[in-house]
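To keep things clear, I will list the structure first and then write my remarks on it.
The values are calculated or read from the model by the stated rules, or taken from the named source; none is laboratory data. What you are looking at is a predicted structure, and each value in this text was computed from that prediction instead of being measured. Don't worry about glycine lacking a Cβ; one is built from the backbone with ideal geometry, like all the others, and counts go over all protein chains shown. Surface accessibility is based on the protein's heavy atoms, side chains included, excluding ligands, DNA and RNA. Shrake-Rupley method; radii C 1.70, N 1.55, O 1.52, S 1.80 Å.
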Amino acid sequence: MSMGMLRGKKALITGGTAGIGKAIALAMAKEGAHVAIFGTNAERASSVIAEMQRVAGSEQMFSSHLVDVANKAAVSSAIDQILAQWGVV
């Protein structure tokens, strides 16, 4: 059961669709954070979003963005999308 230590906080996790990034995203979601993940695989991103929704409360926001972090313009665009969706982070 979540202790909610991150309730209302917002996080952006690069590499959030696999490995350590995925584990961090799930842990943050479990603790109450709103989580955006960056990754390059749409299927894995959808799977991680579904997992976060299962472990978290219904009040939390999650989003995934297909972004190669080596592409500065793509990163900037994704961050603009997150800010438009969630407001100031």
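In table form, for the structure just shown:
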{"item": "Residues (surrounded by fewer than 16 Cβ atoms within 10 Å (Cβ to Cβ) and of a type in the set (A, V, I, L, M)) located in segment 60-69", "result": "M61, L66, V69"}
{"item": "Contacts under 8 angstrom Cβ, first residue in segment 1-23 being within 15 Å of S58 (Cα to Cα), partner open to solvent by 60 Å² or more (accessible area, probe 1.4 Å) and in a helix (DSSP H, G or I), 6 or more apart", "result": "S2/K30; S2/V55"}
{"item": "Segment 1-59 - residue that is in a helix (DSSP H, G or I), among the polar types (S, T, N, Q) and open to solvent by less than 80 Å² (accessible area, probe 1.4 Å) and, of those, nearest to V75 (Cα to Cα)", "result": "S46"}
{"item": "Residues of segment 46-81 that turn out to be touching a Leu at 6+ places or on another chain (Cβ under 7 Å) and under 14 Å from G15 (Cβ atoms), as a count", "result": "0"}
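Conditions tested, residue by residue: (1) within 12 Å of the chain's Cα centre (by Cα); (2) at pLDDT 95 or above; (3) hydrophobic (A, V, I, L, M, F, W, C); (4) closer than 18 Å to M5 by Cβ.
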position: G21; (1), (2), (3), (4): yes, yes, no, no
position: A25; (1), (2), (3), (4): yes, yes, yes, yes
position: F38; (1), (2), (3), (4): yes, yes, yes, no
position: N41; (1), (2), (3), (4): no, yes, no, no
position: S77; (1), (2), (3), (4): no, yes, no, no
position: Q85; (1), (2), (3), (4): no, no, no, no
